[in-house]
1. Can you give me the ranges of the strands (runs of 3 or more DSSP E) entirely in the stretch A:328-390 with at least 1 residues that are in contact with a strand residue (DSSP E or B) (Cβ under 7 Å, 6 or more places away or on another chain) and closer than 28 Å to residue A:306 by Cα?
2. Identify, please: which residue in the stretch B:128-152 is outside any loop (DSSP other than H, G, I, E, B) and under 27 Å from residue B:238 (Cα atoms) and is, among those, nearest to the chain's Cα centre (by Cα)?
3. Looking at residue A:201, is it without any contact (Cβ under 8 Å) to a residue 60 or more places away in the chain and closer than 21 Å to residue A:255 by Cβ?
4. At pLDDT 95 or above and closer than 24 Å to residue A:322 by Cα - does that describe any residue in the stretch A:68-79?
5. Of all the residues that make up the stretch A:254-280, how many are buried (at least 21 other Cβ atoms within 10 Å of the Cβ) and away from chain B (no Cβ under 14 Å)?
6. Which one of these does residue B:113 not meet: (1) in contact with a helix residue (DSSP H, G or I) (Cβ under 8 Å, 6 or more places away or on another chain); (2) at negative phi; (3) within 14 Å of chain A (Cβ to nearest Cβ)?
7. Restricting to the stretch B:304-330, and then to whatever is more than 12 Å from every other protein chain (Cβ to nearest Cβ) and surrounded by fewer than 24 Cβ atoms within 10 Å (Cβ to Cβ), can you tell me which residue is nearest to the chain's Cα centre (by Cα)?
8. On the basis of being crowded, with 21+ Cβ neighbours inside 10 Å, closer than 24 Å to residue A:369 by Cα and within 13 Å of another protein chain (Cβ to nearest Cβ), does residue B:122 make the cut?
């Protein structure tokens, strides 16, 4: 019997879109803030193979019927679900000329569903398939962006108070997202520095703090802000400028002692990250499963960074990013959030059976030992609230 | 239940040393040539976990009782066999100060046995655990070094005749190892060029050929040889100089159009390979599971190279290297050999149930779909010919 005969053949790709309640809203710059309960739609992509299924939940716009029919099914159907590297490259090559529909986010959802399928088929959590490094990961509390909500994240003092609260709750580190447009007084280097100082004051010296501020500062603004948080003993400085300009990050990193981390949103997957390292644009690499097209390429970023003795800190939440954290020797943190005084992050989403990143009293997020990626869909909820399938 | 409770705990590490017959001998420079049948010893390392075992065969000197007791057992026993990344780093860190005993080759054997264990425990070939790219790989026939054996590889004409034979047998590419000391007239740039020309003549234009010659040529000798095989349309030029001198390879690569491949034996695992890429010392990266401490770090080399748009051609034979070939998009060949007119490479070794790299008539080596890494020990043979266990 040849391997092709032993294949776990993919026979269908399905999307179920359903409603659920969230307690956040987005401003017209795309930033998330607490909000009144509202009903929104999410989708779960299901890859069906002979004897095994894999799933991943995502926003409906990523898995629209057209992209599933035009790209995903033609590449996947009839193929061996365990040939992830082959399938990923087939999709990634098709992006040329079609990237507006066949997005990196879609590649990520497909790749994560394939990993989930493998874990479920073999009865293992995915991080153990890859080869685990750790089964729990310290989390940093990652705040929402600043706002103009009373008792929220309106003032530097609000940040300080919230940081002290997060520290009390066990978080071993905190990262601030500060004010960005459309907040009336944003962006403001001066206000960012005040918030960072208030948080340092609140948590005391030595406690790890990071900053992710407005992403469109000029070079000189970014350098001023970087020097200020360097003096406050911050652990890293994240994306203060447009990331398409690698030269700006080289210029800034050369003048700062505080580690510069990146890139996060820059186009180009692991290839762009290799260029950042080569150029000396970052001291810590950044990747996330939803930023570079899945766990498969994100793992390459981690391996790339390790080959250069560089940490790679994982961006974003969820089971895929937690899995990446669990297999890496060259990184410390899991990003947990976004957090806000008026928002209960720990509540399990309607459509899941368990939270994806449960935290203990010491601030560690634990890997699940259940088969699959670690995102367990509550099918009872999904079926009861389904609005469409394709 | 936490992941630690779900662990597949390692309970023992065993080595069985046994005798078998080979038809090769080594010269006093370490090169392999055909020889009369003789009995030699090999060892099989077995990692025993609760409900699963993994194995890998290696030379006895790699897994001496002392290194198993002093390093391997203290790191592995009681640990989860699926936490490969953690275990590999624990061993690799212990190498500092102990590398003469705790060699990269030992790390490789342990890592390969752990991958074998995972595959057997989950009923999957290892390349599908990692995520497959291809299930068959074109092989290049890799010759033994030149010799002074009549009808062997004594003359340029011998190489030409043997190359034509390999082409007839289906090999899609051929790599020459030419004459090295203690051959009386070696090393000789002139003779190397003659052999390369005879082989090109024998197989015709367009057929992929590579050269791996004496490894201690001077810069000017290497450049002369590189230019000659460039003119003969060779596909790559491999390790003509001491690899500790990265600058020599930068110097040479800058002056040659033919792709330079490396490093192969250079100390430093994936870290050194990152420096070769950064320095521009190679056009194609080289790694092998036995060169860098296992499949785990070799996969990082492949990912590193892919991030720089660079092929990474896998060095060496066996199930571990074939597995690496099967998961990589950025490489073409499996190295099959070493081959010689007087040696039957295709015969299955006494101690295996199947050859590790079966080749078809079109020159493709096929991955096994049996659980594990693809090296299936003939335990009946091993038990009947065991000379010691520890």
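1. In the stretch A:328-390, the matching strands (runs of 3 or more DSSP E) lie at A:334-339, A:364-366.
2. Within the stretch B:128-152, the subset outside any loop (DSSP other than H, G, I, E, B) is B:128-130, B:136-143.
Next cut, under 27 Å from residue B:238 (Cα atoms) only: B:136-143.
Working: B:136: 17, B:137: 15, B:138: 15, B:139: 13, B:140: 13, B:141: 13, B:142: 11, B:143: 14 Å.
Taking the candidates together, the pick is B:142.
3. Numbers: without any contact (Cβ under 8 Å) to a residue 60 or more places away in the chain: yes; closer than 21 Å to residue A:255 by Cβ: no.
The answer is no for residue A:201.
4. Initially, the stretch A:68-79 is screened for residues at pLDDT 95 or above, giving A:68-79.
Remaining after also requiring closer than 24 Å to residue A:322 by Cα: none.
No, there is no match, as no residue in the stretch A:68-79 is at pLDDT 95 or above and closer than 24 Å to residue A:322 by Cα.
5. So the answer is 4.
6. Looking at each condition in turn, residue B:113 falls short on (1).
7. B:316
8. Details: crowded, with 21+ Cβ neighbours inside 10 Å: yes; closer than 24 Å to residue A:369 by Cα: yes; within 13 Å of another protein chain (Cβ to nearest Cβ): yes.
Answer is yes for this residue.
The values are calculated or read from the model by the stated rules, or taken from the named source; none is laboratory data. Since this is a predicted model, take the numbers as computed values, not measurements. Using ideal geometry, Cβ is built from the backbone for each residue, glycine included, and neighbour counts are taken over all protein chains shown.
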